[in-house]
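Working notes, structure below.
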Amino acid sequence: MQLRFFTHRLLPALLLSIFATICFSMLQQSKASAHAFVIGSDPIDGSTLERAPKVVRIFFNAPISPISVAKVYAISPDGQLLNVSAAHSSIASSDVYELDTPLRMPDQLPQGGYEVRWTALADGDGHTTFGLIGFNIGHSSTGFSGVSTLGPSSSNDVQGVQTLGLLSVLTIAWEWLVLIALTFWVGILVIERFILRGMERDSALVAQAQRQALPMQRLCLAGLLVGEVVLLLLYAIRATQAFNDGYIDFGMLGPLLTQTTYGHLWLVRAALLLLALGLLWWTSRPRTAILEAPQPVRGSGPLVAEITREQRTPNGLTKEEGKSYSAAQVQQGYTFAWIVLASLIILMQALTSDETQVAQLHVSTIVFDWLYLAAQCIWFGGLGYLGFLLLPLTLRSDSAEGMLSLFLRRFTPLILCSAGVLLISWLFLGESSLSNTQQLLSDPYGRTLLVKSILIASIVLLGAYTLLILGFKFTRQTVLLPVVDAELPTRRTRLFALEQTEQRMKQLLNIQAAVCAAILLCAAFMTFYAPPIVFPNITYTDSIASTSAQTTQTQRADNLSLTLQLLPGRVDASNTLVVIINDLNDKPVTDAHVYFTITMTAMNMGTTRITVQGGNPIYAASFPKGRVFSMAGLWDIELVVQRPRQAPVKAFFQVMIM
């Protein structure tokens with residue numbers, strides 16, 4: 001009695017309280033989380049500084065977990081990397097979007113180029129991202145051609161993150177299987193709790209369909225639980241490969257579960273799935289105490305036949321079969337608990353979706369994403385129930401037209417409402433995920449979104465034709481069939497037309513099932529790709545970088561393209577003169593000797609001549625502070641490029657020293 005009181009009273013109340021707690025926590029969350037990409041940094045990516053900062057700060061578009069790390073390297077002139085990080089990176093106490101890395105003895109760091117290699121684990125969805133940020137102190141130690149573009153647009157290795165390797169394909173495949181299992185399970189739940197409610201008393205086929213749906217529910221819930229475990233392992237493997245340079249360490253599972261919001265939501269989702277499996281076992285267990293199976297009567301004769309007829313229910317089921325039918329009736333008492341449980345599982349899915357995480361109107365997007373997922377499960381799962389469970393049974397029966405007609409009359413309004421909710425939510429989520437329509441073609445997420453939109457439009461048309469046209473035709477044929485006597489040829493003609501309509505519906509439902517699977521596959525790809533990065537509308541400027549940009553010039557002389565850059569182009573600093581030479585095919589020239597002749601235009605500050613040999617695409621010469629370019633003003637630089645067995649090529653440049 002106490003257990004019955006718990007399952008009928010306390011369990012629904014407990015699920016409702018969990019639902020209210022999660023919703024309250026969701027409303028308290030003011031910002032979103034997603035794939036963590038860099039949208040800014042200090043120093044700015046591509047900038048040149050006078051002195052080294054004490055702390056390198058990286059700003060993300062999403063909260064990051066404490067596992068995230070950034071390492072700062074000094075680049076030596078020969079290309080070697082020296083780690084100058086003073087300690088492990090940490091999240092700023094005032095901003096969960098900021099990752100700080102202190103530098104070792106910043107006042108003593110040499111001038112030259114620096115790299116910041118970062119790897120981030122998003123707090124909300126468990127995805128790993130990585131990239132590279134570069135900056136210079138005083139001047140670049142290697143030199144670079146052209147004018148650097150300041151800002152975070154080159155800080156993310158988006159191509160590397162979105163590469164479809166074996167691990168990525170496995171992740172997408174399991175995401176797809178989880179979506180299929182969730183969709184079919186919710187569809188079975190809604191159809192049996194609302195559409196078929198009461199119909200099992202009048203149709204043995206409905207009871208048979210419910211018995212066949214029971215193992216499918218177990219399979220879907222078990223598949224959901226196994227899929228969540230496998231996805232957690234794949235996310236952990238992907239994270240360890242990024243953090244440990246390709247090495248796999250399952251020790252990442254602990255921090256992933258305990259130090260991220262994704263891990264906390266995963267634990268809640270796993271607990272809900274275990275609770276759903278337990279509730280399914282409880283509601284579908286054999287109930288011998290409620291209705292005992294009849295003992296078989298042996299022998300023959302009129303009396304035995306009469307006893308056998310009494311052991312059958314009005315629907316033609318034996319009392320042994322009626323025991324399962326009674327269990328299905330008992331499950332109806334748990335409808336509220338099932339609906340709340342399914343709503344919570346769908347909510348957990350919505351909280352980790354990328355559409356939810358990148359949107360500005362976070363709470364509104366969670367609600368719309370939850371409605372979208374619920375409508376998708378009801379629509380697609382309902383079609384699956386009709387096409388794979390119910391319709392095959394009616395095609396094998398000679399007297400199931402009335403039951404199927406009643407089912408369609410109940411089923412059509414539910415599907416139309418679900419389709420309307422899905423389309424409205426889909427338009428909102430699509431608009432919030434992309435910043436412009438060009439991303440539908442230029443970004444992989446946008447292209448997948450475009451394909452998914454086309455598939456949704458096609459299934460809307462197919463569903464409308466199946467339910468509104470064929471469904472109405474089937475109902476009309478069912479109503480007119482009993483009017484004609486069974487012995488007349490007209491009845492056989494109408495019966496043949498009815499069977500043809502059923503076959504046509506079955507074919508269209510199979511096509512729609514394939515389209516539904518393709519839509520869910522697109523959703524799995526969109527989860528992997530994540531919406532495009534939205535960078536802040538900021539114009540990045542840097543005084544030293546701007547000065548250096550003025551000393552960058554490109555000329556074409558004979559069959560060569562010469563690019564000259566003076567860094568930093570200041571009087572009170574050591575300056576580096578960099579020349580990059582390309583031929584007419586834009587290929588680097590590495591076999592030349594370059595002769596520099598440097599003089600000041602306005603005053604006689606002496607003439608400096610220097611020769612730089614080939615062997616490297618970059619021809620660079622460094623000058624100590626005060627030796628060359630010792631006065632502000634306009635300076636003349638003459639270049640002579642000598643290549644083997646070719647005539648020398650001359651070029652003349654003027655640079656302004658500040």
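The values are calculated or read from the model by the stated rules, or taken from the named source; none is laboratory data. Everything numeric here is computed off the predicted structure, so don't read it as measured data. Here the Cβ positions follow ideal geometry from the backbone for every residue, glycine too, while neighbour counts run over all protein chains shown.
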Check your understanding: Within the stretch 71-128, how many residues turn out to be of a type in the set (A, V, I, L, M) and part of a strand (DSSP E or B)?
Key -> 12
Check your understanding: Do we have residue 498 as surrounded by fewer than 21 Cβ atoms within 10 Å (Cβ to Cβ), modelled with pLDDT of 80 or more, under 30 Å from residue 419 (Cβ atoms) and touching a helix residue (DSSP H, G or I) at 6+ places or on another chain (Cβ under 7 Å) here?
Key -> no
Exercise for review: Answer yes or no: is there a residue in the stretch 19-34 that is crowded, with 21+ Cβ neighbours inside 10 Å, modelled with pLDDT of 85 or more and touching a strand residue (DSSP E or B) at 6+ places or on another chain (Cβ under 9 Å).
Suggested key: no
Study note, to complete from the structure: Taking the stretch 477-495 and keeping only residues that are surrounded by 13 or more Cβ atoms within 10 Å (Cβ to Cβ), of a type in the set (Lys, Arg) and modelled with pLDDT of 65 or more, one is left with 494
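Matching residues to (1) under 16 Å from residue 564 (Cα atoms); (2) in a loop (DSSP other than H, G, I, E, B); (3) hydroxyl-bearing (Ser, Thr, Tyr); (4) touching a Phe, Trp or Tyr at 6+ places or on another chain (Cβ under 9 Å):
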residue	(1), (2), (3), (4)
598	yes, no, no, yes
603	no, yes, no, no
611	yes, no, yes, yes
630	no, yes, yes, no
634	yes, no, no, no
645	no, yes, no, no
Study note, to complete from the structure: In the stretch 544-571, anything out of contact with any Leu (no Cβ under 6 Å at 6 or more places or on another chain), surrounded by fewer than 20 Cβ atoms within 10 Å (Cβ to Cβ), at pLDDT 75 or above and not in a strand (DSSP E or B) is listed as 558, 571
Review point. Going by the conditions given, is residue 614 free of Cβ contacts under 8 Å to residues at least 60 places away in the same chain and under 55 Å from the mean Cα position of the chain (by Cα)?
Key: yes
Study note, to complete from the structure: Note on the stretch 50-81: residues crowded, with 20+ Cβ neighbours inside 10 Å, more than 16 Å from residue 130 (Cβ to Cβ) and among the hydrophobic types (A, V, I, L, M, F, W, C) are 52, 74
Study note, to complete from the structure: Within the stretch 603-632, the residues that are loosely packed, with under 15 Cβ neighbours inside 10 Å and at positive phi are 606, 615, 626
Exercise for review: Could you tell me whether any residue of the stretch 78-94 is touching a residue at least 60 places away in the same chain (Cβ under 8 Å), out of contact with any Ser or Thr (no Cβ under 6 Å at 6 or more places or on another chain) and within 29 Å of residue 568 (Cβ to Cβ)?
Suggested key: yes
